Amino acid sequence: MKNVAIFGATGSIGASSLDVLARHADRFQVFALTANSRVEALADLCAKHHPKIALIADSTKKDALAAALASRNLSDIEVWAGEADLAKLAALPEVDIDILAIVGAAGLTPTFAAAQAGKRLLLANKESVVCGGHLLMQTIADSGAELLPVDSEHNAIFQSLAGASKADRQSLRLILTASGGPFRHRLDLSQVTVEEAVAHPNWSMGQKISVDSATLMNKGLEVIEARWLFDVTPDRIDVVVHPQSLIHSMVQYADSSVIAQLGSADMRTPIAYSLAWPERIDGGAKRVDFPAIGQVTFEEPDFNRFPQLGYAYEALRAGGGASIVLNAANEIAVNAFLNRRLKFLDIARACRVMLDTMVQSAPMTLEAILELDRAARIKTQEVITQW
Ligand code: NAD
Ligand code: MG
């Protein structure tokens, strides 16, 4: 029996994870659930899954969580709260598997704590790889932690690398597939609304990643993520638009052979794969019906209409803290767009301004990464307030 802690249990990946875990209650126990601030949603999940620990990141809500659990006769569940407890939980000896499904750089602290403690990490929180970069991978290597990528593209690449030799790894190319998002055919993006931006054609996801998919920043963050997860330089990472989202990503080897992973667009597949690896278990996703799909197509991404994809390559080449600055600028600008304080095209504009003003040397510690992230958020906020 493996004990599982889910960071970001009230989100989209959290829900998919709980669905897979409930199908395999003989192998996995839901040990802890965390949420940012939605007390009632977290208490409802506790009523259904009976964890030992419930954690609310917003510590001002600790009493409210205790009351919500008591009102459901769940006072035996321990109540934890705050960022320090997030790190403590990720490293707790009783926990075998940490599912890191917080959105944004807020996931950095529990991700590093899980990595330092040598856990199995099911890593959905791409922003922590984007910001943590080399240091995160080094921490994992040093502790002997197991990193299983949950992001569907990286999970597909992980699967497609099975059997790759050291020599293969030095010559291969990664091909990340992208759906193209909701605006693949839309020429004028100046009047895009929030409702249009979060309506993804193929995947049902949280709001932030949905907007990132609409700007192609999501694919840019995934290029950076792939660079660190698989130790492949950006000149060997390609992006191809594949609107059917059947092929989740591919590896091209020295002999031009391409190995890919295919499946329905359902995050339960990479979650199930990562939970049970090296075994395979049913996650509940539909089988692929090839005749029903009919056609698969491919096209080049449009770097002009979606400049943030190019910014990601630029940030990787700039090295140092550029990826952290880009990620922070994007998070602040997406949040402002979702709150209807910025236009859609201002998201890319904020990223451009911040890349031009705030590129830094590579932070060598987690504290320095968090500090640069904080400073970049403050600066972005200052910049966009004037627009
Ligand atoms: P979501 O918005 O649906 O859920 C986010 C979760 O994080 C919630 O449980 C929320 O309570 C928690 N959270 C938010 N801010 C927090 C904070 N400051 N401190 C602590 N907890 C906080 O997001 P999602 O779509 O589930 O995505 C989660 C992560 O997984 C993101 O990094 C995303 O890029 C990645 N991802 C998601 C999908 C998907 O299909 N949804 C696919 C690939 C990767
Ligand atoms: Mg993805």
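The values are calculated or read from the model by the stated rules, or taken from the named source; none is laboratory data. These numbers come from a predicted model, not from an experiment. Quick reminder, even Gly has a Cβ in these numbers, built from the backbone with ideal geometry, and neighbours come from all protein chains shown. Areas reflect the complete protein model, heavy atoms only, side chains present, ligands, DNA and RNA absent. Shrake-Rupley method; radii C 1.70, N 1.55, O 1.52, S 1.80 Å.
List of remarks:
- Here the Karplus curve 6.51 cos²θ - 1.76 cosθ + 1.60, taken at θ = phi - 60°, turns the phi angles of the stretch 189-198 into couplings of 9, 5, 10, 4, 9, 4, 4, 5, 6, 8 Hz, with x standing for Gly and Pro.
- Summed over qualifying helices (DSSP H, 4 residues or more, each -39500 (n - 2.57)) and divided by its residue number, the chain shows a 222 nm mean residue ellipticity of -14500 deg cm²/dmol.
- Measuring how big the stretch 27-111 is from its alpha-carbon positions, Rg and Dmax come out at 12.0, 35 Å.
- You can think of it this way: the chain between Ala199 and Arg72 has 42.3 nm of extra reach, that is 0.36 nm per residue less the Cα-Cα gap.
- Assigned charges on the beta-carbon of Lys, Arg, Asp, Glu; the chain dipole about Cα centre (debye): 280
- Relative pair counts by distance (%), Cα atoms of the stretch 2-149, 10 Å bins: 13, 46, 33, 8, 1
- For the stretch 232-387: Kirkwood Rh in Å [reciprocal of mean 1/r, alpha carbons]: 18.6
- Peptides 289-300, 262-273 ranked from most to least packed by the mean count of surrounding Cβ atoms within 10 Å: 262-273, 289-300.
- Peptides 9-15, 361-367 ranked from most to least packed give 9-15, 361-367, packing being the mean of other C-beta atoms within 10 angstrom over each peptide's residues.
- Phi to ³J(HN,Hα) by Karplus 6.51 cos²θ - 1.76 cosθ + 1.60 over the stretch 298-313, Hz, x for Gly, Pro: 9, 8, 6, x, 9, 6, 7, 6, 10, x, 5, 4, x, 4, 5, 4
- Model label zone, Arg23; criterion: amide N under 17 Å from point 7 Å along Cα-to-beta-carbon; scope the stretch 246-267: 262-267
- Amide H contacts of Ala362: Gly320, Gly321, each under 5 Å away and 5 or more positions distant or on a separate chain (H built 1.01 Å from N in the peptide plane; Pro and chain starts excluded).
- Rg/Rh ratio calculated on Cα atoms of the chain (Kirkwood radius): 0.95
- With viscosity 1.306 mPa s and temperature 10 °C, the Kirkwood radius over alpha carbon pairs of the stretch 300-341 converts through Stokes-Einstein to a diffusion coefficient of 141 µm²/s.
- Semi-axis lengths, Å, the stretch 319-387, gyration tensor of Cα atoms, sqrt of 5 times eigenvalues: 22, 11, 9
- Label-point gap, in nm, between Glu83 and Ile281 - each point 7 angstrom along Cα→Cβ: 3.3
- Entries in Lys2/Lys62; Lys62/Lys379; Lys61/Lys208; Lys62/Lys88; Lys62/Lys126; Lys126/Lys208 that, when Cα-Cα distance is taken, lie over 19 Å: Lys2/Lys62; Lys62/Lys379; Lys61/Lys208; Lys62/Lys126
- Heavy-atom surface of the chain, accessible at 1.4 Å and reported per residue (Å²): 42
- Hits among aspartates and glutamates - C-alpha to C-alpha of Lys119 under 20 Å, sequence gap 8 or more where chains match: Glu83, Asp85, Glu94, Asp96, Asp98, Glu127, Asp142, Glu146, Asp151, Glu225, Glu279
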